[in-house]
Every structure is written in C-alpha cells, then in structure tokens.
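Remarks on the structure that follows.
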Amino acid sequence: MGKYSDKLTKEQKLDMLRLMEEIRHFDLELSKLYSRGLVAGMTHYSVGEEAANVGAIYAMRKEDLMYSNHRGHGQTISKGIDLKRMMAEILGKAPGYCKGRGGSMHVFNLEVNNMSCNGIVGGGHGLSVGAALVQKMKKTGNIVLAAMGDGATNEGSFHEGLNMASTWNLPLVWYVINNKYGISMDINDAMNVDNVVDRAPAYGIPGILVEDGNDILAVYDATMEAIEHARSGKGPVLVESKTYRWFGHSASDAGAYRSREEIDSWRERDPIEAFRKVLLEDKTATEEELDEIREKAVADIKEAVKFAKEAPYPEVEVAFQDNFAD
Ligand SMILES: Cc1ncc(C[n+]2csc(CCOP(=O)(O)OP(=O)(O)O)c2C)c(N)n1
Ligand SMILES: [Mg+2]
C-alpha cells in the first residue's frame, strides 16, 4: 500500500477505472474505424498502457500543464476531454479540437491545460522546460508534466532539457512510459543503462522507477511523490513506468520484431484486470459496480463514434485559419 494511494476515496478509484476503460475502448473502436479507412492520418494506440497513463495523470491538478506525444490518447483522456470531439478530430471532422486539421497526434484541450500531443519525438522536451520556467517566474504554483516514450529519451533535447530544468530548479516532471520499444527498436539496443531513470543522477535530480507500470496505484504513488517534490520548489524529477503496448507501434506494423509469447505474457498482465482484482479484493466495489463502469465506457465510446461519423468534414477555408496570431 502506498503513501498517497491509501488516501484515494472509493469514488476516485472508480473514476480511475472509468478512465482506463475509456482509453481501452476508445482505441479498440478506433482500430476498427482505421481498418475501414475512416481515420484521417496515422494513429498510435494506448491499449496495454492504461495504468501507466491514468496513474500518472490522475496525480496532476487540472491547472497543471501537460505535454504529450504521438501516443497521446491515454494521457489526453486521463487529463479530461470531450470524447466526442476527440473522436471527431481523429476522423478529421469539423467539431474536432483542431477543427479536424490535426488528427490523432495533435489533440489538445486547453480547458484542462492539456498543451497537446506532438508528432515530433522529443518535441515536448523544450516546450515543457519553457512552460515550467513560466510557472516558476510567475509563481503560479502549477507544475508541468511532460509525458514521453523510452525512445524519446535518446533525443539530444532530452539531455539539454533536463540539464536546463535542473540548473534552473524548475517545477517539472518528466514522465517516461517505457514500453520497451521505439517502433521496432528494442530499448536494450538503443541505450547502455538498464533504466531510463539511471540517468537522473547525471543531472542532479531524483529518479523514480515504477518497475510494474501496469500497477496503477504504484504509478500514482510515484507520480504524486514527484509532483509534490516539483511543486514544493525542489526542482525536476524523472519518473519511469515500465509497461507494454499490446498493439503494433502504429496502425500499420507487421510486428516482426517481437514474439507472440512476449505479447501474450504482457496481455496476461492486463492493467485493467489487475486493478479490478485489487478493487474486489479490498472490497472497494462489487463485480456488478465494476461491470457497470465498463458498460458505461463502451456505450460512451459508441456514442462518440456515432457523433464523429455523422459530423461534417471542415470547409476548405478552415485550412487557412489560425495560422498566424491576430
Ligand atoms: C524527431 C522524430 N524522429 C523520428 C520520428 C519517427 N518516430 C515516430 S514514433 C517513434 C518511436 C518513438 O518511440 P518511443 O518514444 O519509445 O514511444 P512509443 O512509440 O514507444 O510510445 C519514431 C522514431 C519522429 N516522429 N520524430
Ligand atoms: Mg517506446
């Protein structure tokens, strides 16, 4: 049991499960739409990584700023978003958050300070350092959390960014979802340390490793600790959760670089089933209550799909709007 997760109420825990179910069913439905040619552009699924997403983002306040990456559906849903408008964006429709121009890799929601997904690997590194500097200078009390994959930690901007954030003592949490691969590249072939967090001492900052990133409460405890550290003025923290993506890197991936056995072994460690087990064993909820949450998520996603499919495509003029500040 953890220092922070012990204090979560039943409502909060069930809310966390709701978010996990929404992520799972959002991406499952989306994968069907993709195979029918209805998705505009490329998309990357968060299935299998639900605990690593919800556990971390749930530790943030609404005002805290989040930077996400190309695999951003899990973080985006966790931070809070209208599922209908998110689905519409991914289908390239007018009511989408970018008026249908951005697609899966550019969904954002400024109402909750979700500063956007990003198609450039490591693209959020510099942006999050700048945003954290603003929070410090303006004394907002907000922290910035930048979510990234393991592959993004081998970008030069990762090292420059951590060095600057550490030197300037910024309220920043860099959150690494280590799913073992960057496209088809095994992490062990791309870096010479066992864990990404092993790099934290080089920048004079704490690193927190969540060995089982499919354990949502462990992820929540680690991220709460990091956020508290950053918010209290002690500077940045590097957090890493180890997890696995069940599907291919993107919607088009033959998957020749990993074995069926490896995928199956991770599917057996389903983060949603693991959390349901915890909630049943500690008598937080009954099986009926948990099933209801799943059924509601499935129904809400179906409604989002219906909304997005029926929505119009944007008018061509929209392509020329919002390119310059007024
Ligand atoms: C600067 C840059 N280089 C390469 C790519 C192509 N690319 C897209 S995703 C990806 C791998 C990212 O791996 P990781 O950061 O571990 O995230 P994951 O996909 O595993 O969630 C690469 C190389 C890109 N989008 N941007
Ligand atoms: Mg990865």
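The values are calculated or read from the model by the stated rules, or taken from the named source; none is laboratory data. Predicted model only: the values in this text are computed from it and were never measured. All Cβ positions, glycine included, derive from the backbone under ideal geometry; neighbour counts span all protein chains shown. For the accessible areas, the whole protein counts, side chains as well, though only heavy atoms, and no ligand, DNA or RNA atoms are used. Shrake-Rupley method; radii C 1.70, N 1.55, O 1.52, S 1.80 Å.
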Fill in the blank from the handout: Any helix of the chain counts here only if DSSP assigns it H throughout, its Cα atoms span 18 Å or more along the axis, and its mean Kyte-Doolittle hydropathy is at least 0.0, and such helices are 123-138, 216-231
Completion exercise
Sorted on mean Cβ neighbours within 10 Å (highest first), peptides 10-16, 124-130, 202-208, 284-290 come out as 124-130, 202-208, 10-16, 284-290
Completion exercise
The FRET efficiency for ALA202 and ILE120, from their Cβ-Cβ distance with R0 = 22 Å and rounded to 0.05, is 0.35
Practice task
Express the accessible area of the chain per residue in Å², computed with a 1.4 Å probe while the remaining protein chains stay in the model.
Solution key: 45 Å²
Exercise for the section: Using a 1.4 Å probe over the heavy atoms of the protein chains, calculate the carbon and sulfur portion of the accessible area of the stretch 230-322 as a whole percent. Expected result: 53 percent
Handout entry: Label point distance in nm, ASP326-LYS7, each placed 7 Å from Cα along Cα→Cβ
Key = 4.2 nm
Completion exercise
If one builds a Gaussian network model of the chain from Cα atoms under 10 Å apart, the most fluctuating residue listed among VAL134, VAL316, VAL278 is VAL316
Fill in the blank from the handout: Where a ≥ b ≥ c are root eigenvalues of the Cα gyration tensor, a/c under 1.5 meaning rounded, otherwise prolate if a/b exceeds b/c and oblate otherwise, the stretch 137-291 counts as oblate
Problem - Cross-link table LYS99/LYS180; LYS79/LYS99; LYS62/LYS84; LYS10/LYS306, entries beyond 25 Å C-alpha to C-alpha - result: LYS99/LYS180; LYS10/LYS306
Exercise for the section: Find the centroid of the Cα atoms in the stretch 236-261 and in the stretch 122-174, then give the distance between the two in whole Å. Expected result: 24 Å
Exercise for the section: Report the calculated FRET efficiency for GLU273 and VAL318 (r = Cβ-Cβ distance, R0 = 51 Å), to the nearest 0.05. Expected result: 0.75
Fill in the blank from the handout: Note, ALA226: beta-carbon cut-off 13 Å, +1 each Lys/Arg, -1 each Asp/Glu, net -2
Problem - Residue of LYS79, LYS283, LYS93 that the Gaussian network model of the chain assigns the largest fluctuation, springs spanning Cα pairs under 10 Å - result: LYS283
Practice task
With runs of 4+ DSSP H residues as the only contributors, calculate the mean residue ellipticity of the chain at 222 nm using -39,500 (n - 2.57) per run, divided by the residue total and rounded to the nearest 500.
Solution key: -13500 deg cm²/dmol
Fill in the blank from the handout: Of the accessible area of the stretch 37-157, computed with a 1.4 Å probe and all protein chains kept, carbon and sulfur make up a percent value of 58 percent
Handout entry: Extension reserve of the SER184-VAL298 stretch, reckoned as 0.36 nm per residue once the Cα distance is removed
Key = 37.9 nm
Practice task
Please say if the stretch 235-288 is rounded, prolate or oblate, where rounded means a/c under 1.5 for a ≥ b ≥ c the square roots of the C-alpha gyration tensor eigenvalues, and otherwise the choice is prolate for a/b larger than b/c and oblate otherwise?
Solution key: oblate
